1. Summing Lys, Arg as +1 and Asp, Glu as -1, what charge do residues with Cβ under 9 Å from the Cβ of Ile216 carry, Ile216 excluded?
2. Taking H placed 1.01 Å from N in the peptide plane, check which residues at least 5 places from Gly195 or on another chain put their amide H under 5 Å from its amide H.
3. Measure nothing but the geometry: give the 0 to 90° angle between the long axis through the Cα atoms of 538-556 and the longest principal axis through the Cα atoms of the chain, rounded to 10°.
4. How much net charge surrounds Ile362 when only the other residues with a Cβ under 9 Å from the Cβ of Ile362 are counted, with Lys and Arg +1 and Asp and Glu -1?
5. Taking θ = phi - 60°, what integer Hz values does the Karplus form 6.51 cos²θ - 1.76 cosθ + 1.60 yield along the range 58-73, in sequence order, with x for Gly and Pro?
6. If we count other beta carbons within 10 Å of each Cβ, what is the order of Tyr267, Tyr576, fewest first?
7. Excluding same-chain residues fewer than 8 positions from Lys579, which lysines have a Cα within less than 18 Å of its Cα?
8. Let me check I've understood the local charge: for Thr503, count other residues with C-beta under 12 angstrom from its C-beta, Lys and Arg +1, Asp and Glu -1. What total comes out?
Amino acid sequence: MTGRIPDAFLDELVSRSDIVDIIAARVPLKKAGREYKACCPFHNEKSPSFSVSAEKQFYHCFGCGAHGTVIGFLMQYEKMEFLDAVADLAQRAGLELPREAQAPRDSGSADLHELMQQAARFFEQNLADNPRAQAYVRRRGLEAKIGTRFGLGYAPDAWEALLKRFGTNEEERRRLFQVGLVLERSGGGGERTGGFYDRFRDRLMFPIRDSRGRVIGFGGRVIDQGEPKYMNSPETPLFHKGRELYGLYEARQARGDFKRLLIVEGYMDVVRLHQAGITYAVATLGTATTQEHLNKIFRQTHEVVFCFDGDRAGLKAAWRALENALPLARDGREIKFMFLPEGHDPDTLVADEGAEAFESRIKDALPLSEYLVQQLIAEVDLDHVDGRAKLKALAGPLFGRMPEGIYREMLADRLASRVGMPANKLKEFFTAGQPKRAGSPPELPARQRGRISVGRGNLLTQAITLVLHHPAAAGVIEDPELLGSLNKAGVSVLKELLEQAATAASASTATLLERWRDRPEHARLTQLAMLDPLVADTPAAAKELKMAVEKLLQEYGPGRRMDELLKKAQELGLNYEEKAELSSLLKSKGRP
């Protein structure tokens with residue numbers, strides 16, 4: 001894995017990726033001394049045992065033992081492969097992924113990505129060459145710069161324009177069908193076309209990109225009149241509409257540290273909002289917002305604002321979004337709902353009133369708690385006992401979908417005050433008969449949740465631990481090569497760590513560990529990285545490290561080995577190899 005990525009690139013990537021920011025976008029962290037604490041996202045627990053060190057750029061759970069660097073966290077939390085995690089961080093950090101890190105072309109997916117990219121360029125060129133399509137873009141108020149940023153294109157008003165360009169043989173036509181760019185004729189077709197025709201015709205094309213910027217699908221908006229108004233790519237090996245968000249890649253390119261994400265309904269809404277400077281707008285792809293969408297959103301930010309039309313259809317869509325969001329509503333996350341004036345969508349409203357007024361509406365959006373209570377109360381008559389009972393019955397299943405925590409408690413308190421009953425009674429009503437949530441591993445016994453404690457270890461272990469915890473201290477060892485002469489197992493690890501720490505542009509615990517990811521020593525080095533520091537700061541570490549190396553040289557250096565061989569020669573005698581070794585050592589000391 002790591003061997004395909006240059007060490008220098010990996011060092012820079014880890015140093016640019018603040019593990020606290022990456023984890024805080026997914027897990028609510030609280031400052032605790034020099035570290036950050038939270039309840040572990042990898043197992044069910046009530047008291048925080050998950051720790052994140054900004055100094056080490058390392059996380060560790062003292063409960064379940066989960067640990068690692070920022071790359072390891074993405075792999076464990078997001079279920080990413082190593083190269084995908086590297087690519088995600090590289091995109092976030094504005095680094096170009098090295099050629100060596102590109103995925104192998106063994107599964108065919110890389111060929112399909114390239115085909116989609118070629119199709120995107122084909123559509124872009126057609127937009128540049130078609131005056132009618134250009135006139136439509138201008139009429140919609142889109143500038144050339146924003147069109148280039150989103151890669152807008154045009155699918156010609158022809159049955160086989162794309163097919164003729166990229167489907168010259170049966171294999172190519174099948175690949176076009178595989179990625180959803182062509183459809184198969186129900187009754188066969190001409191020999192020349194192989195029974196296929198273009199899916200997108202006479203439409204403004206919106207490329208849909210994944211987190212790495214690769215085109216995985218398209219949305220097409222009809223030019224002028226026609227049905228359906230919008231058409232999306234079908235489900236393909238590359239594209240799953242229930243997981244993807246249009247504009248998320250562009251939002252991250254525009255600003256990687258956005259405070260919130262705004263979810264709108266249309267491609268044109270996203271593009272027009274970005275043009276107005278609201279570059280945190282994204283859209284679902286012709287489907288309701290799913291929990292997979294929301295998980296992806298909460299991996300980027302703590303706040304999401306749903307934007308809907310104020311009509312009946314918009315209110316219905318908002319309620320579906322609320323129901324899907326409830327299982328993910330927890331402390332540290334903000335979920336809000338914004339409704340537009342009648343007759344407007346985000347595209348037209350931002351054009352009419354400008355970005356500043358539009359963002360004021362976003363800031364005034366209803367929190368989930370308020371929207372939920374308002375909608376429930378609108379369904380009942382609180383002046384009567386029957387109405388309050390109905391409210392409890394309506395709210396019970398909704399609260400049952402929410403995770404336990406302060407957020408749920410506060411929402412129950414708010415609803416109780418509106419219902420006119422003690423909060424504890426309402427909470428008892430909601431929790432009565434609810435089954436224990438499945439899917440969470442049992443909490444570990446207390447005896448298994450303690451910190452790792454192995455003492456200071458031997459001299460070599462102490463030296464390695466000092467370098468891992470305080471890489472800047474490695475500079476105190478002027479010539480690590482001297483360690484190469486030591487006759488002790490494991491000293492080569494210390495020597496290499498010293499060299500890596502001294503030569504890396506910005507060494508940290510995390511950058512050192514990533515250098516060893518695919519090697520047998522990685523597990524032990526990670527264990528040492530999780531220990532409490534032997535000393536408080538780098539100057540103290542440098543002093544301890546220098547003393548440890550000097551003692552190692554004294555105890556295991558050539559002089560020690562020479563004494564051992566001389567003693568053995570007197571007592572037992574030496575074999576041929578030992579005699580040669582002793583002779584070499586004596587010559588190095590200037591002795592006959």
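1. 0
2. Residues meeting the amide H criterion: Gly189, Gly190.
3. Orientation of helix 538-556: about 40 degrees from the principal axis.
4. The answer is +2.
5. 8, 10, 7, 9, 7, x, 9, x, 4, 6, x, 8, 4, 5, x, 5
6. Tyr576, Tyr267
7. Candidates past the 8-residue exclusion: Lys567, Lys568, Lys587, Lys589.
8. Here the count lands on -3.
Each value in this text was obtained by applying a stated rule to the coordinates, not by laboratory testing. Computed from a prediction, not measured in an experiment: that's the story for all the values here. Quick reminder, even Gly has a Cβ in these numbers, built from the backbone with ideal geometry, and neighbours come from all protein chains shown.
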